[in-house]
Amino acid sequence: MRMRKRANLGPRLEKCADYIVRDPAALRGRWREAFPGYERLRLELGCGKGRFTAETAAAEPEVLFVAVEKVPEAMIIALERVRDRGLENVRFISADAMLLPELFAPGEAERIYLNFCDPWPKSRDAKYRLTAPGFLRLYASVLPLGGEIHFKTDNRPLFDWSMEQFAAEGWALRQVTHNLHGDGPQGVMTDYELKFYSQGVKINRLEAAKTGETRDLSAGEPPRLRNASLTDARGYAESKRDNGEGAP
């Protein structure tokens, strides 16, 4: 989907310049040195309008959060949100997730957040899903042993397919749920998530921890993905039913 142009994008970005890292590759291996005083480094891939970014950073001021977003038009609202709240422990970089190993050294980030990423439902596009094996190996290359991925989505087929990929790639799954807010709101919500919650849409969430068996870039080429369409994959019927759409 094409991102619509934001009004006065250039001047708006300039007003948020203090929060943008223009040359993130230069900081590889020394992010905490460049931004001293923070105990840990966490990444968010695709920050949207920044509700999750800002509220999570405000709740954990001892953590340095780096939001990775390749489309400037997509992150300007998040930038302004963080700037207006005066949050000093957030930085933004405009980059593709494929570049993570070039921007962060092995074990440099302790956690990665994946919130409501594009499901890419067609089988031929499965490799673009942020939970596809190729991406999981990138994440493993910048996380330490025990490092985590926190993944949320409203898309049940994507979630169930992703669980299979995590397991096959050697990640340990925990805190798996198909109805995160079933007993009331849990944790910080994204803007999309808040909207979904008000509509009664169920949210899926899991945590995946890197183990000694987790494959990273040293494992070579990821497996080819076959029969990976989400319209006929596991979880489709449950997703339709849970969201009041009836049987497929």
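Among the residues of the range 185-222 satisfying the criterion of being under 15 Å from the mean Cα position of the chain (by Cα) and touching a residue at least 60 places away in the same chain (Cβ under 8 Å), which is nearest to ALA59 (Cα to Cα)?
Top of the filtered list is VAL188.
Looking at the range 99-108, is at least one residue more than 18 Å from the chain's Cα centre (by Cα) and surrounded by fewer than 14 Cβ atoms within 10 Å (Cβ to Cβ)?
For the range 99-108, residues more than 18 Å from the chain's Cα centre (by Cα) and surrounded by fewer than 14 Cβ atoms within 10 Å (Cβ to Cβ): absent.
So if I check each of PHE52, PHE35, which one is touching a Ser or Thr at 6+ places or on another chain (Cβ under 7 Å) and more than 21 Å from PHE135 (Cα to Cα)? Before the answer, list the steps.
Numbers: PHE35 fails: touching a Ser or Thr at 6+ places or on another chain (Cβ under 7 Å).
Answer to the check: PHE52.
Name the single residue, out of those in the range 30-50 being within 21 Å of GLU193 (Cα to Cα) and among the small types (Gly, Ala, Ser), that is modelled with the lowest pLDDT. Break it down stepwise before answering.
If we filter the range 30-50 for residues that are within 21 Å of GLU193 (Cα to Cα), which is where we start, we get 42-50.
If we keep only those that are among the small types (Gly, Ala, Ser) too, we end up with 46, 48, 50.
Numbers: GLY46: 92, GLY48: 87, GLY50: 92.
So the residue we want is GLY48.
Scanning the range 120-132 for residues that are crowded, with 21+ Cβ neighbours inside 10 Å and of a type outside the set (A, V, I, L, M), which turns out nearest to the chain's Cα centre (by Cα)? Steps first, please.
Taking the range 120-132 first, the residues crowded, with 21+ Cβ neighbours inside 10 Å are 126, 129-132.
When the remaining residues are screened for being of a type outside the set (A, V, I, L, M), the result is 129, 131.
Details: ARG129: 11, THR131: 9 Å.
Applying the filter and picking the extreme gives THR131.
Quick one: ARG83 ticks every box in (1) in contact with a Phe, Trp or Tyr (Cβ under 9 Å, 6 or more places away or on another chain); (2) closer than 17 Å to PRO24 by Cβ; (3) surrounded by fewer than 22 Cβ atoms within 10 Å (Cβ to Cβ); (4) not hydrophobic (A, V, I, L, M, F, W, C) except a single one, so which number is it?
Failed condition: (2).
Give me a count of the residues in the range 50-76 that are free of Cβ contacts under 8 Å to residues at least 40 places away in the same chain and among the β-branched types (Val, Ile, Thr).
3
Could you go through the range 51-71 and let me know if any residue there is at pLDDT below 95, exposed (fewer than 14 other Cβ atoms within 10 Å of the Cβ), within 18 Å of ALA17 (Cα to Cα) and under 17 Å from the mean Cα position of the chain (by Cα).
yes
Could you give me the residue pairs with C-beta distances under 7 Å whose first residue belongs to the range 8-20 and is farther than 13 Å from ASP84 by Cα, whose second residue is of a type in the set (Asp, Glu) wherever it lies, and which are 6+ apart or on separate chains?
Pairs found: LEU9/GLU73.
If a residue must be surrounded by fewer than 20 Cβ atoms within 10 Å (Cβ to Cβ) and within 16 Å of PRO72 (Cβ to Cβ), how many such residues does the range 20-50 contain?
Number of matching residues: 5.
Working only within the range 33-49, note down all residues that are in contact (Cβ under 8 Å) with a residue 60 or more places away in the chain and not hydrophobic (A, V, I, L, M, F, W, C). Even if it seems obvious, please write down each step before you answer.
Filtering the range 33-49 for residues in contact (Cβ under 8 Å) with a residue 60 or more places away in the chain gives 40-46, 48-49.
Result: ARG40, ARG42, GLU44, GLY46, GLY48, LYS49.
May I ask you to say which residue of GLU169, GLU207, GLU110, GLU193 is in contact with a Gly (Cβ under 8 Å, 6 or more places away or on another chain) and acidic (Asp, Glu)? Step through it out loud before you land on a result.
Details: GLU169 fails: in contact with a Gly (Cβ under 8 Å, 6 or more places away or on another chain); GLU207 fails: in contact with a Gly (Cβ under 8 Å, 6 or more places away or on another chain); GLU193 fails: in contact with a Gly (Cβ under 8 Å, 6 or more places away or on another chain).
Checking each option against the conditions leaves just GLU110.
If we keep just the residues of the range 185-203 that are surrounded by 17 or more Cβ atoms within 10 Å (Cβ to Cβ) and hydroxyl-bearing (Ser, Thr, Tyr), which is farthest from GLN175 (Cα to Cα)?
Here the answer is TYR192.
Run down ILE93, ILE77, ILE112 and say which single residue is closer than 22 Å to VAL188 by Cβ and touching a Pro at 6+ places or on another chain (Cβ under 6 Å). Show your work before the answer.
Values: ILE77 fails: touching a Pro at 6+ places or on another chain (Cβ under 6 Å); ILE112 fails: touching a Pro at 6+ places or on another chain (Cβ under 6 Å).
After applying the criteria, what remains is ILE93.
Only residues that are farther than 13 Å from LEU43 by Cβ and aromatic (Phe, Trp, Tyr): list them for the range 100-150, please.
Of everything in the range 100-150, those that are farther than 13 Å from LEU43 by Cβ and aromatic (Phe, Trp, Tyr) turn out to be PHE116, TRP120, TYR128.
Return the residue satisfying two criteria in turn: it lies in the range 112-135 and is in a loop (DSSP other than H, G, I, E, B) and charged (D, E, K, R), and of such residues it is nearest to ILE203 (Cα to Cα).
We begin by selecting, within the range 112-135, every residue in a loop (DSSP other than H, G, I, E, B); these are 116-122, 129-132.
With charged (D, E, K, R) added as a condition, the list becomes 118, 122, 129.
On the way: ASP118: 15, LYS122: 22, ARG129: 18 Å.
Here the answer is ASP118.
The values are calculated or read from the model by the stated rules, or taken from the named source; none is laboratory data. Just so it is clear, the model here is predicted, and its values are computed rather than measured. Please note: Cβ atoms are built from the backbone with ideal geometry, for glycine as well, and neighbour counts cover all protein chains shown.
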